[in-house]
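Just so you know, all these numbers are worked out from the coordinates, no wet-lab data involved. Quick caveat, the model's predicted, so the values are computed rather than measured. Don't worry about glycine lacking a Cβ; one is built from the backbone with ideal geometry, like all the others, and counts go over all protein chains shown.
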Amino acid sequence: MRAMCEKVIPNTNSSWRYCKYQLDYIPFNWHYHPEFEVCLTLNSQGVCHIGDYIAPYDELDLVLLGPDLPHTWQSTPNQDQSNQVVHVAQIPKQWLFQLVDSHPELHSLEGLLLDSYQGLKFSKACARHAKSYFEEIELSEPFEQYLGLLKLLRLMSQDNSALSLSSSGFRYTDRTDPSKDKFDKVIEYIYQYYTEPLYAEQLAKMAHMSTNHFHRFFKKRMERTLTEFINQLRIGKACKLLINTNRSITAISDQCGFKNASNFNRRFLTLKGSTPSQFRKRLKQKSLI
C-alpha cells in the first residue's frame, strides 16, 4: 500500500505546527512526512498503524513518530456521538536537531528523537501530563507554545515505560508519489505570488490535474481549501504589516492581495478573532504597558 506524502506548513510566526482536530471518527489515511510528530488521541478507540506495527489503541494514546514513518489511526464514531480529539505537533527534523545540537541543555533529548524513528508509545501517566501541556499550547501565543513544546519533549524523554512500535528492520522505501514534485512546485508558486490574483484553473494546469481533482487533492494534502490556504498567508502578511508599519488598513489590504477592504476585514476577523483596526489598537495598548 502506497503512503501519501503530507505537506506540513508551520503555524504563523512559528517554526513548527500545532493543530487540534475534533472529529466524528478518524478515517484511514496512510501517510508520512519528513517532520517529527507528537500525537495525542483522546476519547477514541480503534486500530493504530505505524510502520509495520498494527494494534488496538484507546483513550489517552500518546505517540512520538520519527521522520518519514508511515502512520494512521482508524476509528468508528462513538456510540454517544461525542467528538474524538487529536492534538498534533509536527516539528521539522532539521530545525529540531539543530536546536538540540546547539543547546547542551537539550542533549538529553537525543535518545528520544533517535528512538522515535521506530515510533514510541508512552504510558497513560505520561499521556495525562501531555494532555495538560497540549491544552496550554492550544491557548498560547507562539512564544509560550515553543516553551510548551520543549516541556512536552522533556516529559516524553523521562518516561521509562515508553515502548518501541515498528520493528527495527522496517524501512519505508516506496516514497514515489507521482504528484509530490508537481504539487510542491505549486505550493512554492503560491508562496511566491500569494498577494497576486491566483486561480485554481491555473494552478491545476501546473499540477497536470483537472480543476476538480486539484481541489480535492489540495484539501486532502493541506487539510484546508485553496482559498483558506491563500487567505491564511495573506492575513499572516497583514499582521506583520500592522505590527511593523504605520500604513493605512486600506493600503495593507491592497498590498496583501485583497480586492476590497470589507473582504479583508471579514477574512481577518474570521482568522484572528478581531478586525485589523482592533488588532493594531490592542498591540499599541500592550506596548504602553
With 0.36 nm assigned to each residue of separation and the Cα-Cα distance removed, residue 59 to residue 261 gains 68.1 nm
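In percent, what relative contact order does the chain have, based on Cα pairs under 8 Å that are 6 or more apart in sequence?
This gives 16 percent for the chain.
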Compactness check, the range 4-164: C-alpha Rg relative to the 2.2 N^0.38 Å globular estimate gives 0.98
Helix 261-272: inclination vs the chain longest Cα principal axis, degrees, rounded to 10, gives 20 degrees
Whole-number value, in Å³ per residue, for the convex hull of the alpha carbons of the range 180-288 is 106 Å³
Computed over the chain: longest principal axis from alpha-carbon atoms vs helix 276-288 long axis, angle to nearest 10 degrees, is 80 degrees
Looking only at lysines whose Cα falls under 20 Å of residue 219's and that sit 8 or more positions away or on another chain, we get 7, 20, 180, 182, 185, 205
Expected sort for 267-278, 110-121 on mean C-beta neighbours within 10 Å, highest first, is 110-121, 267-278
Amide H neighbours of residue 61 at under 5 Å, excluding residues fewer than 5 places away on the same chain, with H built from the backbone geometry, are 41
Within the set 218, 143, 122, GNM on the chain using Cα springs under 10 Å gives the largest fluctuation to 143
Using eta = 0.692 mPa s and T = 37 °C, Stokes-Einstein with Kirkwood Rh from Cα pairs puts D for the chain, in µm² s⁻¹, at 157 µm²/s
One finds the C-alpha centres of the range 99-146 and the range 243-271 to be spaced, in Å, by 36 Å
Helix 93-102: inclination vs the chain longest Cα principal axis, degrees, rounded to 10, gives 80 degrees
Residue separation between residue 115 and residue 200 times 0.36 nm, minus their alpha-carbon distance, gives in nm 26.4 nm
Over all directions, the range 27-98 yields a Cα convex hull whose mean projected area in nm² is 4.7 nm²
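Note down the relative contact order for the range 180-288 as a percent, whole number, built from C-alpha pairs under 8 angstrom at least six residues apart.
Relative contact order here is 20 percent.
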